[in-house]
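> Before anything else, here's the structure in question.
The values are calculated or read from the model by the stated rules, or taken from the named source; none is laboratory data. From a predicted model like this one, the values you see are computed outputs, not experimental measurements. Cβ sites come from the backbone with ideal geometry, for glycine too, and all protein chains shown count toward neighbours. Ligands, DNA and RNA are stripped out before the accessible areas are found, and what is left, the full protein with its side chains, is counted by its heavy atoms. Shrake-Rupley method; radii C 1.70, N 1.55, O 1.52, S 1.80 Å.
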Amino acid sequence: YKRQRLPSVCPVCQSPVVQPEGEAAARCSGGLYCPAQRIEAIRHFVARKAMDIDGLGDRWVEGLLSIGLLNNVADLYHLHEHREQLLTLEKMGEKSVQNLLDAIEASKQTTLSRLIYALGIRGVGENTSRQFADTFQTLDAIKTADLDTLQKTPDVGQITAEWIYDLSLI
């Protein structure tokens, strides 16, 4: 067994690769600037356990990203404005486009815990998402909570609380 060296930069976006102390995984530091991380964030957001947007699989995510219609999860909720362009895509007939737009619209009727999970916050899985939803009841309450309050949520440590707090500042 020959141990391979970690790359010093991301092969996709050339951002530095970092390995936080105490973590086993090395990560691209590019965040959503990195196209690979952007694709994965959108895939996670639309997944069955998250926002459950049926019909928006990996191939469509990558295709919509490549033509500039989908750069972040917020763009999903503007795809209806590009209906004519969607209809010109290969294998996207009227019925497929309508089904996709209907699934996106239906995803707006979700639970707070699924939305929190869909955001893909490091350290926040399905159980922690439920704990946040049960504790805070609204997204605004989470966004306005201070670090100490976030950390009092069951199963949430200091690092996860800091990640959530940092997101609420955006």
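> Can you name the condition, by its number, that His82 falls short on among (1) within 21 Å of Gly120 (Cα to Cα); (2) touching a Leu at 6+ places or on another chain (Cβ under 7 Å); (3) not aliphatic (A, V, I, L, M)?
Only one criterion in (1) within 21 Å of Gly120 (Cα to Cα); (2) touching a Leu at 6+ places or on another chain (Cβ under 7 Å); (3) not aliphatic (A, V, I, L, M) is unmet by His82, namely (1).
> Test Thr149 against the stated conditions and say whether it is without any contact (Cβ under 8 Å) to a residue 40 or more places away in the chain and surrounded by 14 or more Cβ atoms within 10 Å (Cβ to Cβ).
For Thr149, the condition - without any contact (Cβ under 8 Å) to a residue 40 or more places away in the chain and surrounded by 14 or more Cβ atoms within 10 Å (Cβ to Cβ) - is met.
> Within the range 1-116, considering only helices (runs of 4 or more DSSP H) that don't extend past its boundaries, which have at least 2 residues that are open to solvent by less than 70 Å² (accessible area, probe 1.4 Å) and among the β-branched types (Val, Ile, Thr)?
Result: 35-46, 94-106.
> Take the range 76-107 and flag every residue that is at pLDDT below 95 and among the charged types (D, E, K, R).
Those that are at pLDDT below 95 and among the charged types (D, E, K, R): Arg83, Glu84, Glu90, Lys91, Glu94, Lys95.
> Would you please name the residue that is surrounded by the fewest Cβ atoms within 10 Å (Cβ to Cβ), looking only at residues in the range 124-144 that are among the aliphatic types (A, V, I, L, M) and farther than 14 Å from Thr111 by Cα?
Looking at residues that are among the aliphatic types (A, V, I, L, M) and farther than 14 Å from Thr111 by Cα, I get Ala141.
> Six or more apart or on different chains, Cβ atoms under 7 Å: show the pairs whose first residue is in the range 37-58 and of a type in the set (Phe, Trp, Tyr) and whose second is open to solvent by 40 Å² or more (accessible area, probe 1.4 Å).
Phe45/Val73; Phe45/Gly120
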